[in-house]
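Taken together, the values in this text are just the output of simple stated rules run on the coordinates, not laboratory data. Please read these numbers as outputs of a predicted model, since none were measured by experiment. Here the Cβ is made from the backbone with ideal geometry for all residues, glycine too, and neighbour counts use every protein chain on show.
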Amino acid sequence: AQSVTQPDIHITVSEGASLELRCNYSYGATPYLFWYVQSPGQGLQLLLKYFSGDTLVQGIKGFEAEFKRSQSSFNLRKPSVHWSDAAEYFCAVGARGGSQGNRIFGKGTKLSVKP
Amino acid sequence: ETGVTQSPTHLIKTRGQQVTLRCSSQSGHNTVSWYQQALGQGPQFIFQYYREEENGRGNFPPRFSGLQFPNYSSELNVNALELDDSALYLCASSLRTDTLSGANVLTFGAGSRLTVL
């Protein structure tokens, strides 16, 4: 069965420190991969996506993610965290050939930023 | 361009009642997907509508139903509400393409928070 695992429920980093949020997926083939961010009272905002090609993907707000097929991972990184990055982050996969709106989400990682 | 708007933002119902949630798609989008996000969980796909027909469904019972209108707006209806239906319901719109199925970008609304007592 297709699934997404985000091993870290809650991460706290200091402002200015680097960040890596982990994501592992289980899927029969190479899926489409996404990272979303959700602030309180807000919907999900797309940070970046991987469809094919270069395995290092650049997104908005200074985020990047690397697709590693051998590890079934798609970890999100940011070199220097800002206080405004505090939010919940979701990794998701989209099926190739499936319903276009169907995303399978992980349970999320809540990021806290300390001054 | 306007984004995805959902109404109401909050509502409280009692067990056994019925609820209708509404969603206006982003301008230029023709597909609407609905998600349920329980507290502390990631969103779960309920179903998608394209050309006013259901086009893909997740693991949700038939008491979850929907509509899509000619202007691409949509409704989610839930009958016989249960306590476990308490959640944030997210609507997402997208522009369906005939290629790269699954690759289209979803634009999410802020959600409707339903509490069932």
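Structure notes:
- Here the label points at B:Asp84 and A:Glu64, each 7 Å from Cα along the C-beta direction, are separated by 4.3 nm in the simple model.
- In sequence order, the range B:50-63 has phi-based couplings of 9, 6, 6, 10, 5, 9, x, 9, x, 8, 10, x, x, 5 Hz under the Karplus curve 6.51 cos²θ - 1.76 cosθ + 1.60, θ = phi - 60°, and Gly or Pro positions carry x.
- Partners of A:Lys110 within straight-line reach, counting lysines whose Cα lies under 16 Å from its Cα and excluding those fewer than 8 residues away in the same chain: A:Lys78.
- Annotation for the range B:40-117 versus the range A:59-115: alpha-carbon center distance of 21 Å.
- HN-Hα J in Hz across the range B:26-35 - Karplus 6.51, -1.76, 1.60, θ = phi - 60°, x for Gly and Pro: 5, 3, x, 8, 10, 10, 10, 10, 10, 10
- ³J(HN,Hα), Karplus 6.51/-1.76/1.60, whole Hz, each residue of the range A:86-92, x for Gly, Pro: 4, 4, 10, 10, 10, 9, 8
- The range A:29-115, relative contact order [Cα under 8 Å, separation at least 6], %: 28 percent
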